[in-house]
Amino acid sequence: MAAGCLQVVSAGLLLFATQMISGCRTMKIEDFASKQPAMAPEEYFLGHTRGWGMFHDRFGNLRRQFVIDMVGEMRGDVFVLTENFVYDDGETEQRIWHIVPLEDGAYRGTAGDVVGTAEGKAAGNAFNWVYELKLKVGDSIWKVAFDDWLFLQSDGVILNRATATRWGVEIGTLTATFHKAGPNTASIQSQAQAAE
């Protein structure tokens, strides 16, 4: 759910991005249905969460690192998640998601720099979030698609990996971890122990 770091990628990168990725995904959210602890974004990200992440371009070069502080709150039927990024070069960025939980583990959401509507699905300990962002790269605005996967671990840590593509061409990968302390973490650990 963190994606602003692509701003560092130069427009010339696409000249080298010639390898097309296939339209079919190798992972399916249903594959994780039996995994525990159960992942529900509106529960895990409620309150304060901190994350650490980095973005590698498609050649494996580390382009950017960041720390993200997130605050989530329910407003009626809408989960509002505010993300505040601090990058290793001192730049800051904010994104505010408005996420609606639907039936059968489905989600949809919007944010100011998201094109249209983000679509998500949770099953077991996994959450898949698919969206397209408008990102400033140099003097241009790129529309970049993200296939974002989050996996909740028994100690309350989330492992996150997102693939970024433009025009079907992979341009990089974001990896991050999220952690929170307090009652939510204890509840997550209890779920995992009960499932064993």
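The values are calculated or read from the model by the stated rules, or taken from the named source; none is laboratory data. These figures come from a predicted structure and were not determined experimentally. Don't worry about glycine lacking a Cβ; one is built from the backbone with ideal geometry, like all the others, and counts go over all protein chains shown.
Tell me, which strands (runs of 3 or more DSSP E) lie completely within the range 59-103 with 1 or more residues that are exposed (fewer than 13 other Cβ atoms within 10 Å of the Cβ) and not small (Gly, Ala, Ser)?
Of the strands (runs of 3 or more DSSP E) lying wholly inside the range 59-103, those with at least 1 residues that are exposed (fewer than 13 other Cβ atoms within 10 Å of the Cβ) and not small (Gly, Ala, Ser) span 62-75, 92-101.
Report whether or not Trp167 is within 22 Å of Glu30 (Cα to Cα) and either modelled with pLDDT of 95 or more or out of contact with any strand residue (DSSP E or B) (no Cβ under 7 Å at 6 or more places or on another chain) (or both).
Considered against the rule, which asks whether it is within 22 Å of Glu30 (Cα to Cα) and either modelled with pLDDT of 95 or more or out of contact with any strand residue (DSSP E or B) (no Cβ under 7 Å at 6 or more places or on another chain) (or both), Trp167 comes out as no.
Kindly evaluate Thr49 against the criterion of being touching a residue at least 40 places away in the same chain (Cβ under 8 Å), among the polar types (S, T, N, Q) and within 18 Å of Asp148 (Cβ to Cβ).
It is true that Thr49 is touching a residue at least 40 places away in the same chain (Cβ under 8 Å), among the polar types (S, T, N, Q) and within 18 Å of Asp148 (Cβ to Cβ).
State all residues of the range 92-134 that are touching a residue at least 12 places away in the same chain (Cβ under 8 Å) and out of contact with any strand residue (DSSP E or B) (no Cβ under 6 Å at 6 or more places or on another chain); if no residue qualifies, say none.
The answer is Gly112, Gly116, Ala122, Ala123, Gly124.
What pairs come up if the first residue lies in the range 150-171 and is charged (D, E, K, R), the second is at pLDDT below 95 and part of a loop (DSSP other than H, G, I, E, B), and their beta carbons are under 9 Å apart, counting only those six or more places apart or on different chains?
If the second residue must be at pLDDT below 95 and part of a loop (DSSP other than H, G, I, E, B), the pairs left are Arg166/Ala17; Glu170/Ala17; Glu170/Gln19; Glu170/Ile21; Glu170/Arg58.
Answer yes or no: is there a residue in the range 32-43 that is at pLDDT below 95, assigned to a loop (DSSP other than H, G, I, E, B) and over 17 Å from the mean Cα position of the chain (by Cα).
Checked the range 32-43: no residue is at pLDDT below 95, assigned to a loop (DSSP other than H, G, I, E, B) and over 17 Å from the mean Cα position of the chain (by Cα).
I need the full set of residues from the range 111-144 which are surrounded by fewer than 17 Cβ atoms within 10 Å (Cβ to Cβ), assigned to a strand (DSSP E or B) and among the small types (Gly, Ala, Ser), in order please.
Ser140
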